[in-house]
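Structure first, then comments.
Each reported figure results from applying straightforward, stated rules to the coordinates on display, with no laboratory input. On a predicted model such as this, the values are computed, not experimentally measured, just so you know. FYI the Cβ positions are ideal-geometry reconstructions off the backbone, even for glycines, and counts take in every protein chain you see.
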């Protein structure tokens, strides 16, 4: 026994951030061994751990400088993503076992409390029998509790292993752009794959899943982080699915399905055309939405979406398109209808719950909107966020019969906000950057990550916030969205996808310096490192001159012509 193996360290044991024990452990002890006494829920297993300010796989071992070990399940953000990655790998393995290595699984986007995956060459005619076979094969792999093995080797060796498994060129080319001499690769059985992030120790750690066929594709159904022990009731999001299908067609048109393809366009200098076509697609969709509003004779347009969706820019551009139809426009924000701050409830941490509908003066809002629609003069409030109260006398407003009221706010799709406004007058729009660009075939870019990059850059530029401050409040923002926005997205008449395929290549140069300022001892360090790794896959856009000054992206990087920046 070596000297190192004899040494012991005192460890504080946590589970999903909560302290549960204090122990003494020998240096070199695998985390899998330490986890055993605490891994007592067969449907919510410990998946990865956090120690030394880093996410680690459980096969790693205790080191001399470790003082805490935080075991993470799917109830934790990072644990949940590890669960998803594991199930994706199991799905890929099952498909290849059943249909051969020529089968390609493309992981695309979140849908119906799961992840939509296309399987080629079976897209369009995959039947229920095949999906049943995939499900049963996945269950067999999970029941066998096969190990996820991780290897670190020269990047050229990783690419050779991927090529031998007949993986898509985009996954192999991606490693060229990352430009690292050494890379990691995972193995499951005889299958090799590259994943962006840690995996659990074995397949038996992720027992809760299902697969379901929808429109010729497969949805890998996942539990929620709120209750990872069971699957939620299936509910198909038709409007969201159709919006993604439309986005897929656009992505095929510009031929940028994965990051490697975007990087190649930057290398070859063809990215200006990508920008131009992407912006033209946005303008075309906004024009179509304006056409629908006019053709249905709606006078109240309600725009809602999660943080950093580009709602303000979208509202302005929609107003211009309505002007083209001869419609005048009055634009309002529900933020100006907040009740005085002293009456806003606080959460358990003392934060004001401005995301809740109860923070809005719904009665006054409905009274004034109906008065405007009736042609009456209305004293619209302006909310003073510094003082925490509504101020009147600054915005006396009157609408004529040929005028459209555009209202932006997170509760726009919630019928309770506009309960006293007639349904015949309302047109509801949901907006979000629904990212269709993938890192590669098996690693997707989460919409929430796309939004946090936008938010980091905008908050630093307009509000002087550090990355640490923005990351610290992100979980609160996300919780508010889960409660007040996402449940109502299918209530929209139309959806607008505000994502731009090239945007992370632009945001990279703004976001990287901000994220590097987050210190290792900060709780936000883990998220900062994860986001930096994501940006490392992208080449930086060398020239922003092709980005129009009415682009939604300008709302975040600056230089918009749509409003006072």
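Summary table
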{"item": "Mean Cβ neighbour count within 10 Å, used as a protection proxy, ranking 556-562, 493-499, 81-87 highest first", "result": "81-87, 493-499, 556-562"}
{"item": "C-alpha long axis of helix 311-324 to longest principal axis of the chain, angle in °", "result": "40 degrees"}
{"item": "Enclosed volume per residue, in Å³, of the convex hull spanned by Cα atoms of region 79-236", "result": "110 Å³"}
{"item": "Potential extension, residue 292-residue 401 segment - 0.36 nm per residue separation minus Cα distance", "result": "37.4 nm"}
{"item": "The chain: angle of helix 155-164 to the longest principal axis, Cα-based, in degrees nearest 10", "result": "90 degrees"}
{"item": "Whole-number percent relative contact order across region 3-73, with pairs defined as alpha carbons under 8 Å at least 6 apart", "result": "39 percent"}
{"item": "Gyration tensor (alpha-carbon) shape descriptor, region 148-265, a/c threshold 1.5", "result": "oblate"}
{"item": "Between 0 and 90°, nearest 10: helix 169-178 axis offset from the chain longest Cα axis", "result": "90 degrees"}
{"item": "17 Å cut-off, amide nitrogen to a point 7 angstrom out along residue 519 Cα→Cβ, residues in region 449-492", "result": "466-472"}
{"item": "Nitroxide proxy distance, nm - points 7 Å out along Cα→Cβ at residue 367 and residue 68", "result": "5.0 nm"}
{"item": "Over the chain, relative contact order from alpha-carbon pairs under 8 Å, at least 6 apart, %", "result": "14 percent"}
{"item": "For region 3-73: rounded, prolate or oblate by the Cα gyration tensor [a/c cutoff 1.5]", "result": "prolate"}
{"item": "Global form of region 244-557, assessed from the alpha-carbon gyration tensor, a/c cut-off 1.5", "result": "oblate"}
{"item": "222 nm mean residue ellipticity, helices alone, for the chain (DSSP H n ≥ 4; -39,500 (n - 2.57); rounded to 500)", "result": "-12000 deg cm²/dmol"}
{"item": "Gap separating the Cα centres of region 342-359 and region 1-53, nearest whole Å", "result": "38 Å"}
{"item": "Region 302-425, relative contact order in percent, only Cα pairs under 8 angstrom and at least six apart counted", "result": "36 percent"}
{"item": "Debye log10 I(q)/I(0) for region 364-514, one point scatterer per Cα, at q = 0.11, 0.14 Å⁻¹", "result": "-0.62, -0.94"}
{"item": "Theoretical gain in end-to-end length, residue 483 to residue 43 [0.36 nm per residue, Cα-Cα removed]", "result": "155.9 nm"}
{"item": "Highest average packing first - 450-462, 225-237, Cβ atoms within 10 Å", "result": "450-462, 225-237"}
{"item": "Relative packing of peptides 369-375, 347-353 - highest average C-beta neighbours within 10 Å first", "result": "369-375, 347-353"}
{"item": "Extension gain from residue 29 to residue 446, taking 0.36 nm per residue of separation minus the Cα-Cα distance", "result": "146.7 nm"}
{"item": "Region 258-380: radius of gyration and largest Cα-Cα distance (Dmax), Å", "result": "20.0, 58"}
{"item": "Equivalent ellipsoid, the chain (semi-axes from 5 times Cα gyration tensor eigenvalues, Å)", "result": "43, 28, 23"}
